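Step one of this worksheet: look at the structure below.
The values are calculated or read from the model by the stated rules, or taken from the named source; none is laboratory data. Computed from a predicted model, the values in this text were never measured in an experiment. Cβ placement follows ideal geometry from the backbone for every residue including glycine, while neighbour counts extend to all protein chains displayed.
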Amino acid sequence: MEQKQSAREIAIQYFLQEIRSGNLKPGDKILNERKLSDHLGISRVPLREAICTLATLGILEAHQGNGTYVSKTNSEVFSNIIKKYGIFNRSMVDEVFEARILFEADAARLAAQNRTADDLERLHAALGNHENALTLYQKNKISSQSMMEYDSEIHLGIAASTHNNFILQIIEAIRHVTIEKDFFGEQYTIDKDHFTKSKILHREIVTAIEQQNMDMAYKKMQEHIVQIRSALDLDSIRRIEK
């Protein structure tokens, strides 16, 4: 079953595809918001969110009063990453979780070392958003896809708290594959309560980061990735990937 993309994801995919195809090159100026909104058939709010996300990753650069441009610094690096999205082999789901355990656990450790007060404020806001969304999800008012967006807000917030842009780019790339392939679609989910379990571990990870307990942040993030992997029917996903 094909996953319906959010407006924000549509915009992000548009920019990544334009960079990947070479239609947008380092230093190129992107269309203004009105033209892009009309072209993509989405409102300006998710479009701005997509641009903000890509600017945080260093793929786009906003110049006050002069528009937004493709970054000359990091776009080539990220293009090389996103080119790999379409060429994973059939064991991709296993590779994705191996990569998440490695990169996200190290990111949590580094976030505990480098986090600022502003980082903590954003992380606590993301936790609140996730927990509010979970209440709606449990009442069947929002989809698992929407829950994954709130989940991403936390994980990318932790990655951003490392203040290492390359780590942020890698984790964004890995999460993109997870969402694009719909690993957490209802058809693959064994443990329907995994978002609730994630809520608890998210709190524990952020608490460790706040306390600058690097070892605990690392341990809890590893525990979290193992927990969400165990919630999935990996054999079914592997069969689909063949």
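If we scan segment 163-181, do we find a residue that is at pLDDT below 95, outside any helix (DSSP H, G or I), in contact with a helix residue (DSSP H, G or I) (Cβ under 7 Å, 6 or more places away or on another chain) and not aromatic (Phe, Trp, Tyr)?
Among the residues of segment 163-181, at least one is at pLDDT below 95, outside any helix (DSSP H, G or I), in contact with a helix residue (DSSP H, G or I) (Cβ under 7 Å, 6 or more places away or on another chain) and not aromatic (Phe, Trp, Tyr), which makes the answer yes.
Could you grab the pairs with beta carbons closer than 7 Å, sequence gap of 6+ or different chains, first residue in segment 114-142 and touching a residue at least 40 places away in the same chain (Cβ under 8 Å), second one not in a helix (DSSP H, G or I)?
Hits for this filter: Asn114/Ser161; Asn114/Thr162; Asn114/His163; Arg115/Ser161; Asp119/Ser161; Leu123/Ser161.
Can you find, within segment 146-196, the residue that is nearest to Asp106 (Cα to Cα) among those that are hydroxyl-bearing (Ser, Thr, Tyr) and touching an Asp or Glu at 6+ places or on another chain (Cβ under 6 Å)?
Among those residues, the one meeting the criterion is Ser161.
Confirm whether Asp151 is under 27 Å from Asp235 (Cα atoms), in a loop (DSSP other than H, G, I, E, B) and either touching a Ser or Thr at 6+ places or on another chain (Cβ under 8 Å) or basic (Lys, Arg) (or both).
For Asp151, the condition - under 27 Å from Asp235 (Cα atoms), in a loop (DSSP other than H, G, I, E, B) and either touching a Ser or Thr at 6+ places or on another chain (Cβ under 8 Å) or basic (Lys, Arg) (or both) - is not met.
Taking segment 199-242 as the region of interest, how many residues are crowded, with 17+ Cβ neighbours inside 10 Å and not in a helix (DSSP H, G or I)?
2
What's the number of the only condition in (1) more than 21 Å from the chain's Cα centre (by Cα); (2) at pLDDT 75 or above; (3) of a type outside the set (Gly, Ala, Ser) that Val45 fails to meet?
That leaves (1) as the condition not met.
Residues of segment 19-59 being assigned to a helix (DSSP H, G or I), over 21 Å from Ala160 (Cβ atoms), free of Cβ contacts under 8 Å to residues at least 60 places away in the same chain and in contact with a Ser or Thr (Cβ under 8 Å, 6 or more places away or on another chain), which ones?
Ser37, Arg44
Given the criterion surrounded by 19 or more Cβ atoms within 10 Å (Cβ to Cβ), modelled with pLDDT of 80 or more, assigned by TED's automatic domain parsing to the domain that holds Glu18 and within 18 Å of the chain's Cα centre (by Cα), identify the matching residue among Leu54, Leu60.
Leu60
Can you name every residue in segment 182-198 that is part of a helix (DSSP H, G or I) and among the aromatic types (Phe, Trp, Tyr)?
Those that are part of a helix (DSSP H, G or I) and among the aromatic types (Phe, Trp, Tyr): Tyr188, Phe195.
Does Leu16 qualify as being under 27 Å from Ser152 (Cα atoms), within 18 Å of the chain's Cα centre (by Cα) and in a helix (DSSP H, G or I)?
yes
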